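Please read the structure below before turning to the comments.
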Amino acid sequence: MSERIEINWNNETTISNQYFPADKLERAKYAEFLTKFLSSQGFDNVRDKEKQKRNYVLNLNSEWGSGKTYFLKRWADDLKEHYPVVYVDAWEKDYSEDPLMTVVSAIIKSLREQAGRDEDKFTVPTKLIGLFKAAAPGIARGMSKRFFGIDPVAIMEAGETENGGVESIGKNAGENQDVDMSVAAAGAVSHLIKEHEAKSEAITNLKTNVSDWVKAVTDLKPVSLPAFIFIDELDRCRPSYAVEMLETIKHIFDIPGVVFVVATDTEQLQHAVKAVYGEGFDARIYLGRFFNSRFSLKAPELENFLDAHGDIYKLSGSYLEDLGIELLPYNSDGKDTLRNISVVLNAFQVSARTAIQIADRLIATIAHMPRNSCVDVLMLTTLHCLKEKDNELFEEVVAGDFTRKETLAGGKTQDTYLNEFFDINLPVKNGEVSMDFDPIVLVKDLETGPSSRCANPYPNGKYKFSLLEYLKKIFAVHFESISAGSFMLWDFKEDELTPLEQAARELVKHCSEKRHIEGAINGNDASILWLKYIYLEKGYSSIDKDEYRDLVELASAFDWMGKNEL
């Protein structure tokens, strides 16, 4: 029965000179669960003696950028105290022409280091060295050969003539036909049968030696079975190499007492398989041949995901204050600003890769704005999402001429503006954003007319509001696309009031209508009214559409490539 191993990644660490921050995605619990499960699959002394050691192959599935490499390296490092462990970075070695040699050399290197010995028992037997290439399937080579039309082993491929050329024995593979079994052809068939036998012997010897190397570690160190072999980054390899790696390591998958964990973005790996075998090939069933089961890492909360990837400190109040930059909505804690950004990204349902790119662009834009600049981060994030989702839509919005024709019953049409468009088409409508600020610090007295003022009654606190309401009443207004009768126009006047005086009067009226002051700040209305007031008071309404277009298009020239996936 396997022991229970506690795994804790709350602290940062260094593995093979590579820095790993604390686990922000709460993945340690998955490593702990999988350790318990896989260790019992690979070895359990409660089972009958001949069945104690078993082989198991797990496909660890997680989409790009979600932290597979971070997860695998920290997990492998923790397991070394308890089991023989091998970590193979397939992508780092995809220049190699021999995937099997890549895996075997990694096994030898890792187990030798764990045992703390440099002994002959950790070297490759001479009789195996020349057979590694024979054991590999040679996908690229095999696809270029011609079929014989006979199948003494599995599929008989080309045979060479005396002058080195290729001699075709059958017209088309698989057809019923008379075959001229010439001396040359018979010799070729004999050669291929012997080669097949050599491959089988090579694989048998290889399995035996891997088992011996694992046993050497368990004999020399206080570790137990099973051995864990991690194959990482397979989906990032060139397609032909990825398929060759899978086809090759399947030969050593079934070693009793050895557990394989192959980490992939399975969807991307399926594309690699189809690149080799053709679009009509069923890659899902093909990959299912190699694995006992698949475990998919749950997609992390977007906020935590972005926090793990970006320079979030550049969104903090103190950092921005030093630069003389002001962000709306106001939040002194960078994590609150990141949370607002995440709400927008989630509302537009952007992919993980796009979310990282947009967050990276936002931070780069904000950190390099001129001193005494201000920008609405919700507006900027929304524009980035629109550009990623539909560049034509983005261009219409920043040009200030967005309208859509909607067909009504009876064939009549009517114009649809941005405020209505978001109400209908925003993928996720329940997102809530927040602004943490003290209104009295902003304005002590609200001027509600030429000679009228009122003490600001609003308290310091967190003002929350619906993203959808923001898009309809702030974003759509700023880009001049609202339906008739909608409020929040910057130039709206009542009794010759200025727009700012009108905004102040709306705030006072809203507060007076609430029995409790808490009710004045806990709903959408107060927060949206304060955003309107801030837009007018602090000059956000003067940031024109062309400026926003330039900010988005300049930042969009950068693409985060994901070289250092966490």
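Readers should treat all values here as calculations from the given coordinates under stated rules, not as data from a laboratory. Quick caveat, the model's predicted, so the values are computed rather than measured. Using ideal geometry, Cβ is built from the backbone for each residue, glycine included, and neighbour counts are taken over all protein chains shown.
Per-residue packing, averaged as other Cβ atoms within 10 Å, sorts the ranges 496-506, 392-402, 288-298 into the order 496-506, 392-402, 288-298, beginning with the highest. Amide H to amide H, with H built 1.01 Å from N, G257 comes under 5 Å of R54, N55, counting only residues 5 or more places away or on other chains.
The H on the amide N of I15, modeled in the peptide plane, is under 5 Å from the matching H of F20, each at least 5 residues off or on a different chain. The Stokes-Einstein estimate for segment 237-298, based on a Kirkwood radius over Cα pairs and taken at 4 °C with 1.567 mPa s viscosity, is a diffusion coefficient of 104 µm²/s.
For a label point 7 Å from the Cα of R353 along Cα→C-beta, name the residues of segment 276-309 whose backbone N is under 16 Å from it. Under cut-off, by backbone N: nothing.
With a Förster radius of 51 Å applied to the C-beta separation of D44 and D415, the computed FRET efficiency comes to 0.15.
For segment 401-442, the equivalent ellipsoid derived from the Cα gyration tensor has semi-axes of 35, 13, 8 Å, listed largest first. Extension gain for E26-S211 works out to 63.2 nm (0.36 nm per residue, less the C-alpha to C-alpha distance).
What the Cα atoms of segment 302-555 give is an Rg and a Dmax of 18.4, 60 Å.
Distance from the Cα centroid of segment 403-445 to that of segment 327-360 is 18 Å (rounded to whole angstrom). Couplings 3J(HN,Hα) for segment 500-512, derived from phi with the Karplus relation 6.51 cos²θ - 1.76 cosθ + 1.60 (θ = phi - 60°), are 5, 5, 5, 5, 5, 5, 5, 5, 5, 4, 4, 5, 5 Hz, where x marks Gly and Pro. Show me, for segment 441-449, the HN-Hα J-couplings you get by feeding each phi into the Karplus relation (A = 6.51, B = -1.76, C = 1.60, θ = phi - 60°), rounded to Hz, glycine and proline as x. For segment 441-449, the Karplus-derived couplings read 5, 6, 8, 6, 10, 8, 7, 9, x Hz, x marking Gly and Pro. Computed as a quarter of the hull surface, the mean projected area of the alpha carbon convex hull for segment 398-484 stands at 8.9 nm².
Highest average first, the peptides 266-276, 422-432 ordered by how many other beta carbon atoms sit within 10 Å of their residues are 266-276, 422-432. By the count of neighbouring beta-carbon atoms within 10 Å, fewest first, S541, S483 end up ordered S483, S541.
Cross-link pairs exceeding 28 Å in C-alpha to C-alpha distance, out of K49/K80; K68/K472; K444/K532, comprise K68/K472. The peptide list 240-248, 350-358, put in order of mean Cβ contacts within 10 Å with the highest first, becomes 240-248, 350-358. Once backbone amide H atoms are built at 1.01 Å from N, C374 has E326 as its partners under 5 Å, excluding neighbours fewer than 5 places away on the same chain.
The HN-Hα couplings worked out from phi for segment 375-385 by the Karplus form 6.51 cos²θ - 1.76 cosθ + 1.60 (θ = phi - 60°) are 7, 8, 5, 5, 5, 5, 5, 4, 5, 4, 5 Hz, whole numbers, x standing for Gly and Pro.
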